[in-house]
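Just below is one structure, and these are the notes that go with it.
The values are calculated or read from the model by the stated rules, or taken from the named source; none is laboratory data. The model shown is predicted, which means the values in this text are computed figures rather than measured ones. Here Cβ is always computed from backbone atoms with ideal geometry, including for glycine, and neighbour counts include all displayed protein chains.
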Amino acid sequence: MSGSGTTPVGRDASGAAPHGQGVAKGPDPLRAQHRTAPAQGSPGSAEPRGASGEAGRHGGRGSGSGSGSGSGSGSGSGSGSGGSIIRRLSGWGSRLVLDDAPERVVAHLKSQILSQLGAARAGYGHPLGRRVRQAYGSPLQDDPQHAVQSLSMATVCLDFDDTAYAGHLSHSTVNVPLVYASSLGLDGRQLLTSVLAANETAARITAAATLGPFRGQTAGHTHLAGAVAGRLRAESASADVWAHALGMAFSVPTWSLSRGFFSTDAKLLVAAAPVRTGLSACDGARFGLTGPEDVLEHPQGFLHRFADIPLPEEAVAGLGTLWHTETFSYKIHPGSAYTSAAVDCAVELHHALAGVDHRDIAEVVVRGSIFTAGLDRIARQHRIGPDSSVAALNFSLPYNVATALLTGSLLPADLAHPAVDLPDRWELAARVRTEHDPAFSRHALLATAPLGQALRRAGERAEAWVRAIDARAAETLPPVWLEPETDFRWATKNLGARVTVRLRDGRELHVERRAAVGAASGADGTHHAALARAKFLACGGDPEAADLVARLEHLGPDDVRRLVRLALAGPDDAPTSRPTADTPVARDVRDMRKDTAMETAALEEAYTGLIAAATAAAPVDETSAPPSGERDADWTLAHVALSDRLLASTARQVLAGDAAGLDNGPAMDPKAIGELTSSAGRDVLVELVRRNAAELVGLLAQTPHNQRATPVSVRLVGDKGEELFSGAVPWGEIVRLRAEDHIPGHTGRLRRIADAPREC
C-alpha cells in the first residue's frame, strides 16, 4: 500500500476478496474527462462537450487515448506505438538521458535519493536493522547482489521509505543504482539517470497492475522492474538485454501473503526477494538467456494473473512527458502513509496539550478516509503490544497517534525497546478509535495517488470493482467524466485526517489536515528538498553527504563513491577516502534545451497560486459568498477549467504546425458553465483546474520557442456573448497574458472569496 503494505481495498495480500474490508489503495473518483466533461471535451477539439454527454460513459477512459499518451522529444522520447509493453519500455528506458527530464523532475530524484539514504540509516540504526546487517552483511560489501539485498531489507524495515503514485519504488530504483555506482564508476549524472529510468519503468508496470490484490509494499513485482532497469541503465545495456531480463523476471513474480507481511519480520523480504530475482535475470540476459517479451500483456502472463482490471495503457502513456517521479510523497515519520496525516495532527496537538496528564484524556477520535479506516481494521485483527514486531507497530494507528500525542514526534526509536515498553503509550492507545469520514474519502479519491489515476484509466469498469469491495467507497466516487492526468507536475495525494482529543473535563481539541506533511502537492510539496535533508540529518546522516546529493549532477565518479560511503558506512566499514574536488564530467545541456522550448515558469507560478487559492476557497462543508458584484468561486473555477481546455486545444494545433484558432465562447457560455457547476462539486472543480492547467503547461513545455510567434486567430466574447475582439494574436502573447493578467486576476477573486465571511 502506499505508505505501508497492503490495501484495505481489493483482495488482501493472500488473494481473497472479502466484502466490507475497507479500501487500501482506495478508489478514485475520477472518470473519463476528455470526451464528456465540459471542462475537458475532446482532446483535439476546441468545443468542450456538455457535462451530461455520453461519450465518456462508453469506454472513453479505458481506451487510453488521451493526449497524455504522446511521446516527448529527445533521446528519451517515446519509441512509438508498436511492439510489446516490455519492448517499448526497454527501447525508451535504455536510451533515456538526464536532459530528457525537466529540472523539477531532477530535483525530485535528488530528494528521493537523500530521503532513501535517511531511511537506510534509520533502518540500520534500529535493532531490527542491526540484525539485518549481521545476517546479510554491509551495503558496502564487495558482492553487489548481497549488498542490495541487505540495503533493501534495511530500507523496508521501518516503513520509512517514500511513495510514488504507483509503488514504493526506492527499495530497488535507488538502492540498486547506489550499490552498483562505485563498481561501475558512475558519475552523478549517470547515477541520476539510472534512478530515473528505474523509477519510470517500475512505476509504470506497477500502475498497470494497481487494480489487483497488491499495492504499495506488497507489490513486490515493482522491484523486479526497478532492479532490472536500475542496473541495466547503469551498465548502458542494450534494449534487447533489457527486454529479455524483464521478460525473465516477470515470468516468476513474487506473491506476498498477508499472514507474514502484517505481523512478522517476513515483511523484510518483500523487496529483497524480487530485487535478487531481477538482478539474476540481468546476469542471464547479459549472456544470451531469453525471456518472453509479451509476458506482461499475454493472456497467460503477468497482468492477467496480477490485475483484476489490467491497465496496459498505464505502462506506456506519456513516455517522456508524464513523469511518475514527480508524484513522490516524502515521509517525515516512519509508518504507513495512511496514518501519516493523523500522526501530523497528533504532533500539533501535543503542544496544545502541554500540562495535560494522559489520564485526563477520555478518548481520541481519528476521522479519516476509507484508506485510514480500512488499515486500522486490518491492523486490529492482530494483537499489538510491547512485544509485537516492528511491522505490526508500523501499522498500529492507535500506538503511533498516542506516541505522537505524548511526545510530540514519532521517531525510529519509538518502534523499539525501551520506548515500546512505556505503559502510558498503551494506556492512551487503548482510548484511540477511528471513524470513516466520507468527505476525506472523497478528497482522497479525487487525488492522483494512491489509486485515483488507475481508476480513471479503468473507466466504468472501476466503479463495479470498487462497489464489489466496499459500497461506502463507491458512494464517494466523483463524476464519471473525469479522465486520467496527462501531466503529473501538480500530482496530489490527499490522505487527510482530523484528530479530536476529548478531555474528561468536557473540553475538546482538534487538528485537521487535508494531506500529510510532505505529501505530493500538499502545503509542503514544493519543499521536498528541505524535508529530505532534514530527515537525512535527523537519521544521523553526514551534512557533507547531503551537500553532495544537492549537487549530484555535477559530481564525478570519485565524489559519487565518497557520497555512497559517507551515507551508508557503518562502524565496521573502512573509513572514507579524503574529499575530492568537484569534477563535473559532462556538460549540462539543459540550459541550451531551455532556450529551444517556450518558457513556462511564469505561467506555472501563476497556476500554483491559483490552485492554492482555489483549495483555500473550498473548505469541507463550508461556503462563502463572493464580495458584492463578483462572480462566485464555482463560476470562476468552471470558467478557468473550460478556458484551459480550449487553450490546450490551441496549443496542440500550434505544436503540430496546423492553423491555430481560439474562441473563448464555450468558456463564457452560461449553459456550459451551469452544466459543469451543477454536475461537479467544488472539490471536483478544483481538481479540473489542476489537471487542465497541468495539461496546458505540459504542452507548452514541448513547444519550440520559435513557435511563440505563431499567429492564432482569436475571437473573444463577453458575459452576454457579445464579441469583444476578433483578429490574429501571436501565441506567445496569449500565453504571456494568461500568466500575467488572466490567471492572477482569477486568483485575486478566489482569495477575496476565501477571506469573505463564511456561512456554515
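Determine whether the range 277-293 contains at least one residue that is of a type in the set (S, T, N, Q), within 27 Å of the chain's Cα centre (by Cα) and modelled with pLDDT of 95 or more.
Within the range 277-293 (the criterion being of a type in the set (S, T, N, Q), within 27 Å of the chain's Cα centre (by Cα) and modelled with pLDDT of 95 or more), the answer is yes, since at least one residue qualifies.
For (1) of a type in the set (Ser, Thr, Tyr); (2) under 23 Å from the mean Cα position of the chain (by Cα); (3) surrounded by 24 or more Cβ atoms within 10 Å (Cβ to Cβ); (4) not assigned by the TED database to the domain that holds Asn494, each residue gets a yes or a no:
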{"site": "Thr163", "(1), (2), (3), (4)": "yes, yes, yes, yes"}
{"site": "Asn175", "(1), (2), (3), (4)": "no, yes, yes, yes"}
{"site": "Thr193", "(1), (2), (3), (4)": "yes, yes, yes, yes"}
{"site": "Asn199", "(1), (2), (3), (4)": "no, yes, yes, yes"}
{"site": "Phe214", "(1), (2), (3), (4)": "no, yes, yes, yes"}
{"site": "Ala234", "(1), (2), (3), (4)": "no, no, yes, yes"}
{"site": "Thr264", "(1), (2), (3), (4)": "yes, no, no, yes"}
{"site": "Leu269", "(1), (2), (3), (4)": "no, no, no, yes"}
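Surrounded by fewer than 24 Cβ atoms within 10 Å (Cβ to Cβ) and at positive phi, is that true of Gly335?
Values: surrounded by fewer than 24 Cβ atoms within 10 Å (Cβ to Cβ): no; at positive phi: yes.
Considered against the rule, which asks whether it is surrounded by fewer than 24 Cβ atoms within 10 Å (Cβ to Cβ) and at positive phi, Gly335 comes out as no.
Got a sec? Which of Pro744, Pro711, Pro730 is within 30 Å of the chain's Cα centre (by Cα), surrounded by fewer than 21 Cβ atoms within 10 Å (Cβ to Cβ) and modelled with pLDDT of 90 or more?
So the residue among Pro744, Pro711, Pro730 that is within 30 Å of the chain's Cα centre (by Cα), surrounded by fewer than 21 Cβ atoms within 10 Å (Cβ to Cβ) and modelled with pLDDT of 90 or more is Pro744.
Could we say that Ser256 is crowded, with 21+ Cβ neighbours inside 10 Å, under 24 Å from Leu375 (Cα atoms), in contact (Cβ under 8 Å) with a residue 40 or more places away in the chain and not hydrophobic (A, V, I, L, M, F, W, C) here? Steps first, answer last, please.
Details: crowded, with 21+ Cβ neighbours inside 10 Å: yes; under 24 Å from Leu375 (Cα atoms): yes; in contact (Cβ under 8 Å) with a residue 40 or more places away in the chain: yes; not hydrophobic (A, V, I, L, M, F, W, C): yes.
Against the criterion (crowded, with 21+ Cβ neighbours inside 10 Å, under 24 Å from Leu375 (Cα atoms), in contact (Cβ under 8 Å) with a residue 40 or more places away in the chain and not hydrophobic (A, V, I, L, M, F, W, C)), Ser256 qualifies.
Please find, among Ala473, Ala520, Ala530, the residue that is without any contact (Cβ under 8 Å) to a residue 24 or more places away in the chain and not basic (Lys, Arg).
Details: Ala473 fails: without any contact (Cβ under 8 Å) to a residue 24 or more places away in the chain; Ala520 fails: without any contact (Cβ under 8 Å) to a residue 24 or more places away in the chain.
Result of the check over Ala473, Ala520, Ala530: Ala530.
May I ask you to say which residue of Arg498, Arg507 is surrounded by fewer than 24 Cβ atoms within 10 Å (Cβ to Cβ) and in contact (Cβ under 8 Å) with a residue 40 or more places away in the chain?
When all the criteria are applied, what remains is Arg498.
Scan the range 201-251 for residues that are on the phi > 0 side of the Ramachandran plot and in a helix (DSSP H, G or I) and jot them down.
Gly216
With the condition kept exactly as written, say whether any residue in the range 287-303 is hydroxyl-bearing (Ser, Thr, Tyr), more than 17 Å from Ser94 (Cα to Cα) and part of a helix (DSSP H, G or I).
no
Which is in contact (Cβ under 8 Å) with a residue 40 or more places away in the chain and either over 26 Å from Thr218 (Cα atoms) or surrounded by fewer than 21 Cβ atoms within 10 Å (Cβ to Cβ) (or both), of Val364, Val295?
On the way: Val295 fails: either over 26 Å from Thr218 (Cα atoms) or surrounded by fewer than 21 Cβ atoms within 10 Å (Cβ to Cβ) (or both).
So the residue among Val364, Val295 that is in contact (Cβ under 8 Å) with a residue 40 or more places away in the chain and either over 26 Å from Thr218 (Cα atoms) or surrounded by fewer than 21 Cβ atoms within 10 Å (Cβ to Cβ) (or both) is Val364.
Just one of the numbered conditions (1) closer than 20 Å to Thr206 by Cα; (2) without any contact (Cβ under 8 Å) to a residue 12 or more places away in the chain is not true of Phe287; which one?
Unmet for Phe287, out of (1) closer than 20 Å to Thr206 by Cα; (2) without any contact (Cβ under 8 Å) to a residue 12 or more places away in the chain: (1).
How many residues does the range 207-216 contain that are touching an Asp or Glu at 6+ places or on another chain (Cβ under 9 Å) and either within 24 Å of Phe536 (Cα to Cα) or of a type in the set (Val, Ile, Thr) (or both)?
Result for the range 207-216: 1.
Give Asp669, Asp644 a once-over and let me know the one that is at pLDDT 95 or above, within 24 Å of Gly727 (Cβ to Cβ) and among the charged types (D, E, K, R).
Asp644 is the lone residue from the list that is at pLDDT 95 or above, within 24 Å of Gly727 (Cβ to Cβ) and among the charged types (D, E, K, R).
Being in the same structural domain as Ala550 (by the TED database), without any contact (Cβ under 8 Å) to a residue 60 or more places away in the chain, hydrophobic (A, V, I, L, M, F, W, C) and farther than 24 Å from Ala413 by Cβ, is that true of even one residue in the range 120-135?
no
Residues that are of a type in the set (Ser, Thr, Tyr) and touching a His at 6+ places or on another chain (Cβ under 9 Å): does the range 225-244 have at least one? Reasoning before the result, please.
First, the residues of the range 225-244 that are of a type in the set (Ser, Thr, Tyr): 236, 238.
Checking the rest, the ones that are also touching a His at 6+ places or on another chain (Cβ under 9 Å) come to none.
No, because not a single residue in the range 225-244 is of a type in the set (Ser, Thr, Tyr) and touching a His at 6+ places or on another chain (Cβ under 9 Å).
Sort out for me the helices (runs of 4 or more DSSP H) sitting completely within the range 664-760 that have 3 or more residues that are polar (S, T, N, Q).
By residue number, 670-679.
Yes or no: Ser182 farther than 28 Å from Pro312 by Cβ, among the polar types (S, T, N, Q) and touching a residue at least 24 places away in the same chain (Cβ under 8 Å)?
For Ser182, the condition - farther than 28 Å from Pro312 by Cβ, among the polar types (S, T, N, Q) and touching a residue at least 24 places away in the same chain (Cβ under 8 Å) - is met.
Which residues, counting only those in the range 438-470, are buried (at least 23 other Cβ atoms within 10 Å of the Cβ) and either without any contact (Cβ under 8 Å) to a residue 12 or more places away in the chain or within 23 Å of Leu405 (Cβ to Cβ) (or both)?
Phe440
Taking the range 647-666, which residues are of a type in the set (D, E, K, R) and within 19 Å of Leu724 (Cα to Cα)?
Passing the criteria: only Asp663.
Look at Ser90 and say whether it is modelled with pLDDT of 95 or more, of a type in the set (Ser, Thr, Tyr) and closer than 16 Å to Gln190 by Cα.
no
State which residue is surrounded by the fewest Cβ atoms within 10 Å (Cβ to Cβ) when the search covers only the range 471-490 and only residues that are among the small types (Gly, Ala, Ser) and touching a helix residue (DSSP H, G or I) at 6+ places or on another chain (Cβ under 7 Å).
Looking at residues that are among the small types (Gly, Ala, Ser) and touching a helix residue (DSSP H, G or I) at 6+ places or on another chain (Cβ under 7 Å), I get Ala474.
Out of the residues in the range 645-663 meeting the condition of being assigned to a helix (DSSP H, G or I) and in contact with a Lys or Arg (Cβ under 9 Å, 6 or more places away or on another chain), tell me which one is farthest from His705 (Cα to Cα). Give the steps one after another, and end with the answer.
Restricting attention to the range 645-663, the residues satisfying the condition of being assigned to a helix (DSSP H, G or I) are 645-656.
Filter once more, keeping what is in contact with a Lys or Arg (Cβ under 9 Å, 6 or more places away or on another chain): 647, 654.
Details: Leu647: 17, Val654: 11 Å.
That would be Leu647.
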